[in-house]
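What follows is a single structure, written as structure tokens, with notes after it.
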Amino acid sequence: MPHPEAKPDPAAPPTGDIVELAALVVPLPAPRPSVPEGYSPPAPDLAKPARFLFGGRMEPAPLEARSIGSYARGCLAGAAALPIDGETWQVMRLSRNRNWGHPDLITFLEDLAASAPDLGWNGLLVGDLAQPRGGPMLTGHASHQIGLDADIWLTPMPDRRLSREEREQMSAISMLKDAGMTVDPAIWTDAHARLIRQAASDPRVERIFVHPAIKKALCEFSGDPDANADWLRHVRPWYGHHYHFHVRMKCPEGQTACRNQDPPPAGAGCGQALSWWLSDEPYKPKPGQPAKRRETMLGDLPSACRSVLLAD
């Protein structure tokens, strides 16, 4: 992605932040049949694409908690589940079974949810974290593979418990006006901005991805972007992300198999640094870009991911 201090080359795709595809809603799974005593499931077919292998594991690997690899090419051992209900959060899209993460991510989400009411926000509606063993997902994201990514809806939690059906069918609300490059002042509020600022100010957070129009609104909310660069620099404009914001945590301390991104560029990332993202240029097809990306196979992931996949 273009650095704030340099004008981007319009012909070059942005780099540095990892592309994420829009999440897809999948149907509710059929109830699981009872498992006969002593039954062992067949070994997974390791020749299949990795998304089928990791998407087929319904429980976390019974190993020490570790994030392995990079955000878009890795896996997760010893995942913890975010409970589907908390006093100030509710997990959405339960059929996806994606409320798993590294324990550091779960603690962060619980902390952010606890702070929400003081920010004028009723509570969090939490979207996708990771699969039970991380890895490539069956549908949707290219990232969210090592248990350090979380999507938080820009729709506040209602003052009642949503049913399972509501959590599958309810739509998030776009913050954009007429699907353009500005936020809708009838929808976007200072409470949205305060919640994102709270998340971006947490030292455990590496990046937060939002739509460029939301980044612009945050720059304006800050009053003086240069004076608020400490948190604004962690908020990165990226495709989509006008229904939710995407939190990306730093690798847990001491976990050498986990690969951090380079730190965000210096500066608030407002003004001229943001103007490229507010133009039509980022959304034009890139010459020579393949129509379909190659499937990720188990051998493309760090070698430790094989043990995570097969651990019982």
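For the stretch 83-114, a residue qualifies if it is surrounded by fewer than 16 Cβ atoms within 10 Å (Cβ to Cβ) and under 23 Å from residue 201 (Cα atoms), and the qualifying residues are 87, 103, 107, 111, 114. Inspect the stretch 193-214 for any residue being under 30 Å from residue 61 (Cα atoms) and among the basic types (Lys, Arg) and give the result as yes or no. Yes, there is a match, as at least one residue in the stretch 193-214 is under 30 Å from residue 61 (Cα atoms) and among the basic types (Lys, Arg).
Selection of the stretch 130-175 for residues being aliphatic (A, V, I, L, M) and within 26 Å of residue 119 (Cα to Cα) yields 148, 150, 152, 154, 157, 162, 170, 172, 173, 175. For the stretch 176-188, a residue qualifies if it is touching a residue at least 40 places away in the same chain (Cβ under 8 Å) and part of a loop (DSSP other than H, G, I, E, B), and exactly one does: 181.
Identify the residue in the stretch 238-270 that is of a type in the set (A, V, I, L, M, F, W, C) and out of contact with any strand residue (DSSP E or B) (no Cβ under 7 Å at 6 or more places or on another chain) and, among all such residues, is nearest to residue 304 (Cα to Cα). Spell out how you get there, then give the answer.
Residues of the stretch 238-270 of a type in the set (A, V, I, L, M, F, W, C): 238, 245, 247, 249, 251, 257-258, 266, 268, 270.
With the extra rule that they be out of contact with any strand residue (DSSP E or B) (no Cβ under 7 Å at 6 or more places or on another chain), the set shrinks to 266, 268, 270.
Values: 266: 34, 268: 37, 270: 40 Å.
Here the residue is 266.
The residues of the stretch 91-126 that are within 22 Å of residue 61 (Cα to Cα) and among the acidic types (Asp, Glu) amount to a single one, 104.
Mind listing just one residue for me: the one in the stretch 163-172 that is out of contact with any Lys or Arg (no Cβ under 8 Å at 6 or more places or on another chain) and surrounded by 14 or more Cβ atoms within 10 Å (Cβ to Cβ) and, of those, farthest from residue 148 (Cα to Cα)?
Taking the stretch 163-172 first, the residues out of contact with any Lys or Arg (no Cβ under 8 Å at 6 or more places or on another chain) are 163-166, 169-172.
Cutting the leftovers down to surrounded by 14 or more Cβ atoms within 10 Å (Cβ to Cβ) gives us 170, 172.
Numbers: 170: 25, 172: 22 Å.
Per the stated criteria, the residue is 170.
List the pairs whose first member sits in the stretch 203-227 and is under 24 Å from residue 109 (Cα atoms), whose second member is of a type in the set (Asp, Glu), and whose Cβ atoms are under 6 Å apart, counting only residues at least 6 apart or on separate chains? So the pair list comes out empty. Remark: pairs (first residue in the stretch 254-266, closer than 29 Å to residue 228 by Cβ; second residue among the acidic types (Asp, Glu) and surrounded by 13 or more Cβ atoms within 10 Å (Cβ to Cβ); Cβ separation under 7 Å; 6+ apart in sequence or on different chains) = 260/206; 261/206. Restricting attention to the stretch 247-254, does a residue exist that is touching a Leu at 6+ places or on another chain (Cβ under 6 Å) and at negative phi? Checked the stretch 247-254: at least one residue is touching a Leu at 6+ places or on another chain (Cβ under 6 Å) and at negative phi. If you go through the stretch 145-169 and keep only what is closer than 23 Å to residue 197 by Cβ and either in contact with a Pro (Cβ under 9 Å, 6 or more places away or on another chain) or among the hydroxyl-bearing types (Ser, Thr, Tyr) (or both), you end up with 148, 155. Could you grab me the full set of residues in the stretch 119-145 that are surrounded by fewer than 18 Cβ atoms within 10 Å (Cβ to Cβ) and under 15 Å from residue 189 (Cβ atoms)? Matches in the stretch 119-145: 119, 120, 122.
Laboratory data are not the source of any read-out in this text; all were calculated from the coordinates shown. None of the values given here were measured: they were computed from a predicted structure. All Cβ positions, glycine included, derive from the backbone under ideal geometry; neighbour counts span all protein chains shown.
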